[in-house]
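Note sheet for the following structure.
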Amino acid sequence: MKIGVLALQGAFIEHEKMLSDCGAESFEIRQRRDIEQSFDGLILPGGESTVMGKLLYDLDLMEPIRDRIQGGMPVMGTCAGLILLAENISGGEKPYLGTMGFTAKRNAYGRQLGSFNAKADFAGIGSVPMTFIRAPYIESVSSAEVLAEVDGRIVAAKEGKQLAVAFHPELTESQAVHEYFLNFNK
Ligand code: GLN
């Protein structure tokens, strides 16, 4: 299995390492020609959604990536990646890929509580460790299905073969979320 990791900015190397630990091949998407090969899934990493979103437009990647996702390619967005997938961003910011039915709230935990670890139940997996870094959460869902909550806030959702998590599974010792995502291809 070959997974493309968006490598414009942010925590993409950790995803590549986790994919390799799961036995999957990965490659970096840095420019338009990188997505012209065939591949089986896509990871949108954490970082800064405003920066990544702008680069996606500037590099002419927004539309081809959206087309692939709408065509059924499995995608996992973590943290800033979740924001890229949201059909709505609370506060009126313009959505980016907008392929998942939920409203994301950016920097939702405030500055003081910006980063923390938790452990919570994840539907279909069980208890998983979660690392949050200036994370968003999902304020409400329209068509997406809720998979996990921490302190009453939605931190993971799924819609078809799209998975959005507010935390950084690639920064924990557990491969469970990556394996769950890789199973979308089976
Ligand atoms: N705060 C970032 C944003 O709004 C997300 C942080 C992260 O990806 N760790 O894009």
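Yes/no matrix, rows are residues, columns are (1) in contact with a Ser or Thr (Cβ under 6 Å, 6 or more places away or on another chain); (2) over 24 Å from L56 (Cα atoms):
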{"residue": "I83", "(1), (2)": "yes, no"}
{"residue": "D121", "(1), (2)": "yes, yes"}
{"residue": "G124", "(1), (2)": "no, yes"}
{"residue": "I133", "(1), (2)": "yes, no"}
{"residue": "E139", "(1), (2)": "yes, yes"}
{"residue": "A148", "(1), (2)": "no, yes"}
{"residue": "L163", "(1), (2)": "no, no"}
{"residue": "P169", "(1), (2)": "no, no"}
(request) Go through (1) on the phi < 0 side of the Ramachandran plot; (2) within 13 Å of the ligand (Cβ to nearest atom); (3) of a type in the set (S, T, N, Q); (4) open to solvent by 30 Å² or more (accessible area, probe 1.4 Å) and name the single condition N107 misses. (result) (1)
(request) Could you tell me whether the stretch 122-131 includes any residue that is without any contact (Cβ under 8 Å) to a residue 12 or more places away in the chain, in contact with a Pro (Cβ under 6 Å, 6 or more places away or on another chain) and open to solvent by 60 Å² or more (accessible area, probe 1.4 Å)? (result) no
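Given the residues A166, A80, A157, which is the only one that is in contact with a Gly (Cβ under 6 Å, 6 or more places away or on another chain) and either open to solvent by less than 60 Å² (accessible area, probe 1.4 Å) or of a type in the set (K, R) (or both)? Write out each step before concluding.
Numbers: A166 fails: in contact with a Gly (Cβ under 6 Å, 6 or more places away or on another chain); A157 fails: in contact with a Gly (Cβ under 6 Å, 6 or more places away or on another chain).
One residue alone meets the criteria, A80.
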(request) Scan the stretch 127-164 for residues that are away from the ligand (no atom under 15 Å from the Cβ), over 25 Å from K2 (Cβ atoms), out of contact with any Phe, Trp or Tyr (no Cβ under 7 Å at 6 or more places or on another chain) and not in a strand (DSSP E or B) and jot them down. (result) S143, D151, G152
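Could you grab me the full set of residues in the stretch 5-22 that are assigned to a loop (DSSP other than H, G, I, E, B) and either among the hydroxyl-bearing types (S, T, Y) or in contact with a strand residue (DSSP E or B) (Cβ under 7 Å, 6 or more places away or on another chain) (or both)? Outline the logic, then answer.
First, the residues of the stretch 5-22 that are assigned to a loop (DSSP other than H, G, I, E, B): 7-11, 22.
Matches in the stretch 5-22: A7 only.
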(message) Looking only at the stretch 10-42, how many residues end up being within 14 Å of the ligand (Cβ to nearest atom) and in contact (Cβ under 8 Å) with a residue 60 or more places away in the chain?
(response) 4
(request) Kindly indicate whether F167 is hydrophobic (A, V, I, L, M, F, W, C), closer than 18 Å to P45 by Cβ, within 14 Å of the chain's Cα centre (by Cα) and assigned to a loop (DSSP other than H, G, I, E, B). (result) yes
(request) Filter the stretch 92-104 down to the residues that are open to solvent by 10 Å² or more (accessible area, probe 1.4 Å) and within 11 Å of the ligand (Cβ to nearest atom), then identify the one that is farthest from R68 (Cα to Cα). (result) E93
(message) Scan the stretch 61-74 and tell me whether some residue there is without any contact (Cβ under 8 Å) to a residue 60 or more places away in the chain and either under 20 Å from L171 (Cβ atoms) or within 13 Å of the ligand (Cβ to nearest atom) (or both).
(response) no
(message) So V51 passes all but one of these: (1) of a type in the set (A, V, I, L, M, F, W, C); (2) under 22 Å from A156 (Cβ atoms); (3) within 16 Å of the ligand (Cβ to nearest atom); (4) part of a helix (DSSP H, G or I). Which condition number does it fail?
(response) (2)
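The values are calculated or read from the model by the stated rules, or taken from the named source; none is laboratory data. Since this is a predicted model, take the numbers as computed values, not measurements. Backbone-built Cβ (ideal geometry, glycine too); neighbour counts: all protein chains shown. Note: accessible area is taken over every heavy atom of the protein model, side chains too, but ligands, DNA and RNA are not part of it. Shrake-Rupley method; radii C 1.70, N 1.55, O 1.52, S 1.80 Å.
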